[in-house]
Amino acid sequence: MLSIPLKYNWRNLFVRKITTGLTVLGIGLVVAVFLCVMALGEGLSRVFTASGSDQNVLVLRQNSQSELQSGIGRDQVPIIETLPGIAKDTDGKPLASPELVVVVNLEKQGGGSSNVTIRGVGEKAMKLRPTFDMEKGRMFTPGKSEVVVSKSVSRRFASCDVGQTIRFGAYRWTVVGLFDAGGTAPDSEIWTDVEGMAADFKRNGYSSVLARTTDRAGRDQFLAGLAGDPRLALEGKIERKYYDEQTSTAAPIKFLGVFVGVVMAIGACFGAMNTMYAAVSARTREIATLRALGFGRLSIMASFVLESVVLALLGGLLGCVLGALAVKLALSGVTGTTNFATFSEVVFAFRLTPELLGTGMVFSLVMGFFGGVFPAGRAAFTKITNALRQVG
Amino acid sequence: MKYLPLVAKNLFRKKTRSGLTVGSILLPFFVICILGTLLATLDADPSGGAGMYRIAVRHKVSIANFLPATHVEKIRQMPGVKGATPFNWFGGQYVDFSSFNIFQRFGVDPEVLLDVFDEAKIVEGSAEEWKRDRSAALVGRLLTRKYGWRLGQRVTLKGDIWPGTYEFTIRAIYEGQDESILFFHQKLLDERFPARGGRTTNIWIKADSAAAVERLIPAINAQFENSPWPVRAETEKEFQNSFIGLLGNVKLLVKSLAVIIALVILLIAGNTMAMAARERVTEIAVLRAIGYTKRTILGLMLAESLLLALTGGAAGVLVYVALLPKLKAVLLYSPLAGFAAGIRLFPEVLATAFVTTLAVGLLAGLVPAIRSARRPIVDGLRQVA
C-alpha cells in the first residue's frame with residue numbers, strides 16, 4: 001500500500017490556521033478541565049494512600065467506621081499493651097499510644113468555619129509516625145494546655161500560629177509549635193497531650209490505641225490476640241488499611257471529573273469532526289487527484305484519521321500544559337474538604353501525576369480518532385470522476 | 001423577521017456540520033445544567049422558603065459532641081416552643097461501609113418528630129404504629145426504593161458509637177424534603193445505655209412563629225452558656241449552610257468548571273461560524289453588490305449564530321429536562337448519592353442556561369460577522385474559494 005506522507009497532513013493543518021487553532025484550543029480546554037478535576041481527586045486520595053504503616057495496628061471498638069465513632073476504656077489499655085506481638089521501645093515500654101479524637105469547629109482565615117480534628121496523643125505517638133517532624137517552635141508539654149498544629153492547618157485556620165491561642169467553647173489552648181507530616185493524615189490535625197485533653201473534654205476513655213508490632217508474625221499474633229479476647233469487644237485494623245478505606249472520600253470528586261470529562265469529550269469530538277469534514281470537503285478535488293494518482297482508499301482514510309489524531313494530540317498537549325500551569329500557579333496552595341467518615345477537614349494539595357497526564361493524552365487520542373474516522377470515510381469513498389469535475 | 005427564512009436556510013445548508021455543531025453545543029450545555037443543578041441543590045433552602053420556624057441545636061464545640069437529654073426538657077419549657085425532639089446521629093453500619101449502603105440514621109422522640117417536621121407526610125403505614133412499636137423505624141420513600149424495603153420488613157444496623165446490633169421493623173414510610181433518613185426511637189438507646197444519660201448530638205425545635213424563632217435562638221444560647229454543655233442554636237438554613245461550608249471550595253470548583261465549559265462552547269460555535277463565513281465570502285459580496293447594507297449583513301450573520309446557539313442550547317435543556325429523573329435515579333447509586341437526594345428541576349438553572357445560550361450565540365458570531373460585513377465588495381468578488 002502506498003502511504004501518503006505525514007508532511008501532507010501536517011501542512012494541511014496549518015493552511016487553516018484559525019479553524020485548527022480553535023479546535024486545538026477546544027480539545028485543550030476539555031483535557032485541561034478533566035486534568036484539574038482529576039488532580040483534585042488524586043491529591044485527596046493521596047492523603048489517605050500515603051498515610052499509615054503496615055506495621056502499625058489501630059485498635060478500635062468493634063464495627064467502628066472511624067476513630068470518631070470508637071471508644072476504648074481506660075482499663076483496656078494495659079491489656080492491649082501486654083498482648084503478644086507488640087514492639088518495645090528502647091526504654092522497654094511498649095510502643096503504643098492511647099489517643100483521643102475530638103472534632104472542634106474553628107474559624108477559617110478569611111471567614112467561615114470548618115471542623116478540625118484535635119488528637120490527644122500518648123508519649124510514643126511520634127515514634128509511631130515516622131513522617132512527623134517539628135518545623136517551628138517546640139513540642140507541647142503534657143498537662144499545660146499546649147498544642148502543636150500542622151503547618152497546613154495553621155495556614156488555613158485563624159489564630160493557629162506559634163504564640164497564638166486557640167479558643168473553642170470554654171477552652172484556651174496555646175500553640176507552641178508547628179509540625180509537618182509529609183502530606184499524611186496528621187497534616188489535617190492539631191495535637192495535644194491525651195490526659196490533659198481527656199480532662200478538658202470530660203472523657204473518661206480513649207478513642208483508639210495505635211500500636212507498633214514487631215514484624216508480620218507479631219502483627220498477626222497481636223491481631224489474633226485482640227480478636228480472641230471477647231471481654232475487650234475491640235478489633236485491630238492495620239493502620240494503612242484503615243486509611244485506605246477512607247479513600248472513598250475522593251470518590252465523588254473523581255466521579256464528577258470522569259462524568260464531566262467524558263460528556264465534554266464527546267462534545268469536543270463533534271467539534272473535531274466538524275473541522276475534519278470541512279477539511280475534507282475543501283479538498284475534494286485534491287483527494288480525487290490523489291486517488292487518480294494511484295493512492296488506495298485505505299491510504300486516504302489512514303491519512304485523514306492521522307490528520308485528525310495529530311490535531312487532537314496537539315490539543316491534548318495544550319491541555320496538559322494548561323492543566324499543569326493551572327495546578328502549578330493557580331491551584332498550588334493547600335485546600336480542604338470534609339471527610340464525612342470523621343466529620344472533619346482533610347487538608348490536601350492538587351496533585352497532577354504523570355499517569356494523569358498520560359490519561360489526558362489517551363483521552364485526546366480517542367477524541368481525534370473518532371473525530372476523524374467518519375470524515376476520513378467520506379474522503380475515501382469520494383467518486384474520482386465526480387470530484388474532479390467539481391468546480392471550486 | 002423577513003430575513004428569518006434566509007438565516008434558517010443558511011444555517012442548515014450544511015446538514016452534517018449543523019448537526020455536529022448542535023451536538024457539540026448540546027452536550028456541554030447538558031453538563032452546565034447538571035453542574036448548575038448541583039450548585040442549586042447545595043444552595044436550596046430546605047424549608048422551600050416557606051419559613052418552617054425550625055431551630056437546630058448542637059454542642060458549641062462541634063457537631064461531634066453530645067448534649068444531655070435534660071437540655072431537651074429545658075427547651076420544651078421555653079415560651080414559643082411548639083415541640084422539641086432529640087435528633088441523635090447513630091452512625092453505625094447497614095450491611096457494610098460501602099457508599100451504596102450509607103444513609104443517615106437518627107434516634108428521635110417519635111411523639112414529637114412529626115410535629116417538628118410537620119410537612120412530612122406518612123404515605124404508607126401509620127404514625128400511630130410508628131409511635132406504638134418500640135423497635136419501629138420510620139423511613140424515607142427514597143430508601144425504600146433504593147433498597148427495596150417494604151412495610152413490616154426488618155432492618156438490621158450494627159452500632160459503633162452505640163455498640164450492639166439493632167433490629168428495627170419498618171412501621172411507616174414518609175415523603176418530605178429529605179427522603180433518605182431512617183428514624184428510630186431514641187428511648188431504645190437510652191435503655192441500653194443508662195449511664196449515657198440520654199445524650200444526643202442535636203436537638204430540633206419547632207417554634208410558634210418567625211418572631212419566636214428570633215427570640216428563641218439567643219435565649220437558648222444564653223440558657224446553656226454556663227452549663228457544662230454550651231450550645232449553638234441556629235436556623236435550619238444556617239445549620240445546613242454550615243454543612244456546605246464543610247465541603248470547602250467545592251462550590252468554587254463547580255462554578256469554575258461551568259465557566260470553562262461555557263468557553264468551550266463558545267470556541268466550538270465560533271469555529272463553525274468562522275467556517276461558514278469563510279465559505280460565503282463571494283456570496284456576501286454579491287449580496288452587498290445588490291444593495292444589502294453592512295448592517296444587514298452583520299445582522300444576518302449574528303442572527304445565524306444566535307439561532308445556532310439557541311438550537312443547541314434548547315436541545316441541551318430538553319435533553320436535560322427529559323433525562324433528569326433518570327439521571328437522579330442513576331446518581332442515587334453513584335458516589336454522588338449524597339447530593340442526588342435533593343435534585344429537582346430548578347427554574348434558576350434553566351434561566352442561567354438560557355442567558356448563557358444568548359451570550360454564546362452573540363459572542364461566537366461577532367468576529368466572523370464583523371469581518372464579513374467589513375470586507376470590501378471587490379475583494380469579496382475577486383476571491384476564489
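The values are calculated or read from the model by the stated rules, or taken from the named source; none is laboratory data. What you see is a predicted model; the values in this text were computed from it and never measured. Glycine also receives a Cβ, built like all others from the backbone with ideal geometry; neighbour counts cover every protein chain displayed.
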Residue in the stretch B:253-265 that is farther than 15 Å from B:H59 by Cα, more than 25 Å from the chain's Cα centre (by Cα) and assigned to a helix (DSSP H, G or I) present: no
For the condition at positive phi and within 14 Å of chain B (Cβ to nearest Cβ), what is the one hit in A:F343, A:F350? A:F343
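Take the residues in the stretch B:238-252 that are more than 8 Å from chain A (Cβ to nearest Cβ) and buried (at least 18 other Cβ atoms within 10 Å of the Cβ), then tell me which one is modelled with the lowest pLDDT. Full working, then the answer.
Initial filter on the stretch B:238-252 (more than 8 Å from chain A (Cβ to nearest Cβ)): B:238-241, B:243-244, B:251-252.
Among the residues that remain, those that are also buried (at least 18 other Cβ atoms within 10 Å of the Cβ) are: B:239-240.
Details: B:F239: 83, B:Q240: 78.
Of everything passing the filter in the stretch B:238-252, B:Q240 is modelled with the lowest pLDDT.
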Residues of the stretch A:95-114 classified as surrounded by fewer than 19 Cβ atoms within 10 Å (Cβ to Cβ) and either free of Cβ contacts under 8 Å to residues at least 40 places away in the same chain or in contact with an Asp or Glu (Cβ under 7 Å, 6 or more places away or on another chain) (or both), total: 4
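For A:T385, state whether it is crowded, with 20+ Cβ neighbours inside 10 Å and over 28 Å from A:F270 (Cα atoms).
Values: crowded, with 20+ Cβ neighbours inside 10 Å: no; over 28 Å from A:F270 (Cα atoms): yes.
No, not satisfied.
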Members of the stretch A:51-93 that are free of Cβ contacts under 8 Å to residues at least 40 places away in the same chain, loosely packed, with under 15 Cβ neighbours inside 10 Å and not in a strand (DSSP E or B): A:D75, A:P78, A:T82, A:D89, A:T90, A:D91, A:G92, A:K93
Consider A:L290 carefully, then state whether it is within 31 Å of the chain's Cα centre (by Cα) and assigned to a helix (DSSP H, G or I). no
Residues (more than 19 Å from A:A278 (Cα to Cα) and of a type in the set (D, E, K, R)) located in the stretch B:248-306: B:K251, B:K255, B:R288, B:K294, B:R295
In the stretch B:191-230, anything part of a helix (DSSP H, G or I) and under 18 Å from A:V104 (Cβ atoms) is listed as B:N221
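So if I check each of A:S97, A:S3, which one is more than 13 Å from chain B (Cβ to nearest Cβ), of a type in the set (S, T, Y) and part of a strand (DSSP E or B)?
Values: A:S3 fails: part of a strand (DSSP E or B).
The conditions single out A:S97.
Would you say A:E307 is surrounded by 23 or more Cβ atoms within 10 Å (Cβ to Cβ) and modelled with pLDDT under 85?
Numbers: surrounded by 23 or more Cβ atoms within 10 Å (Cβ to Cβ): yes; modelled with pLDDT under 85: no.
In short, no.
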Taking the condition of being more than 22 Å from B:V72 (Cβ to Cβ) and within 14 Å of chain A (Cβ to nearest Cβ), how many residues in the stretch B:159-179 meet it? 4
Restricting attention to the stretch A:229-268, the residues that are more than 9 Å from chain B (Cβ to nearest Cβ), at pLDDT below 85 and over 30 Å from B:P28 (Cα atoms) number exactly 5
Could you count how many residues in the stretch A:14-35 are assigned to a helix (DSSP H, G or I), surrounded by fewer than 24 Cβ atoms within 10 Å (Cβ to Cβ) and more than 8 Å from chain B (Cβ to nearest Cβ)? 5
One residue is enough: does the stretch B:74-91 have a residue meeting the conditions more than 14 Å from chain A (Cβ to nearest Cβ), assigned to a loop (DSSP other than H, G, I, E, B) and small (G, A, S)? yes
Can you tell me which residues in the stretch B:184-225 are of a type in the set (K, R) and modelled with pLDDT under 90? B:R196, B:R199
Just checking, which of A:L311, A:L365 is within 30 Å of A:G43 (Cα to Cα) and over 19 Å from the mean Cα position of the chain (by Cα)? A:L365
Is at least one residue of the stretch B:274-287 more than 14 Å from chain A (Cβ to nearest Cβ), under 29 Å from the mean Cα position of the chain (by Cα) and either surrounded by fewer than 20 Cβ atoms within 10 Å (Cβ to Cβ) or under 30 Å from A:V104 (Cβ atoms) (or both)? no
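Working only within the stretch B:133-166, note down all residues that are within 25 Å of B:I75 (Cβ to Cβ) and part of a loop (DSSP other than H, G, I, E, B).
Our first condition is that a residue be within 25 Å of B:I75 (Cβ to Cβ); within the stretch B:133-166, this holds for B:134, B:136, B:138, B:161-162.
Selection gives B:R134, B:I161, B:W162.
In this structure, is B:L42 of a type in the set (A, V, I, L, M) and within 11 Å of another protein chain (Cβ to nearest Cβ)? Reasoning before the result, please.
Details: of a type in the set (A, V, I, L, M): yes; within 11 Å of another protein chain (Cβ to nearest Cβ): no.
Spelling it out, it is not the case that B:L42 is of a type in the set (A, V, I, L, M) and within 11 Å of another protein chain (Cβ to nearest Cβ).
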Take the residues in the stretch B:92-109 that are in a loop (DSSP other than H, G, I, E, B) and small (G, A, S), then tell me which one is farthest from B:I173 (Cα to Cα). B:S98
Identify all residues within the stretch B:92-114 that are in contact (Cβ under 8 Å) with a residue 60 or more places away in the chain and either within 14 Å of another protein chain (Cβ to nearest Cβ) or among the small types (G, A, S) (or both); write none if there are none. B:G92, B:Q93, B:Y94, B:S99, B:F100, B:I102, B:F103, B:Q104, B:R105, B:G107
Hey, can you tell me all the residues within the stretch A:269-291 that are in contact with a helix residue (DSSP H, G or I) (Cβ under 6 Å, 6 or more places away or on another chain), of a type outside the set (V, I, T) and more than 12 Å from every other protein chain (Cβ to nearest Cβ)? A:A288, A:R291
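Taking helices (runs of 4 or more DSSP H) that do not extend beyond the stretch B:296-385, which have at least 2 residues that are within 14 Å of chain A (Cβ to nearest Cβ) and within 15 Å of the chain's Cα centre (by Cα)?
Details: elements: B:337-340, B:347-374, B:377-382.
Answer list for the stretch B:296-385: B:337-340.
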Would you be able to say whether some residue in the stretch B:110-132 is assigned to a loop (DSSP other than H, G, I, E, B) and under 14 Å from B:K187 (Cβ atoms)? no
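Specify which of the listed residues (A:T117, A:T131) is under 31 Å from the mean Cα position of the chain (by Cα) and buried (at least 23 other Cβ atoms within 10 Å of the Cβ). Break it down into steps so the answer makes sense when it comes.
Details: A:T131 fails: buried (at least 23 other Cβ atoms within 10 Å of the Cβ).
Selected residue: A:T117, the only one of A:T117, A:T131 that is under 31 Å from the mean Cα position of the chain (by Cα) and buried (at least 23 other Cβ atoms within 10 Å of the Cβ).
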Checklist (1) in contact (Cβ under 8 Å) with a residue 60 or more places away in the chain; (2) closer than 21 Å to B:W204 by Cα applied to B:K146, failing item: (2)
I need a count of the residues in the stretch A:364-392 that are within 14 Å of chain B (Cβ to nearest Cβ), in contact (Cβ under 8 Å) with a residue 12 or more places away in the chain and either of a type in the set (F, W, Y) or in a loop (DSSP other than H, G, I, E, B) (or both). 3
Out of (1) assigned to a helix (DSSP H, G or I); (2) small (G, A, S); (3) at pLDDT 90 or above, the odd one out for B:A233 is which? (1)
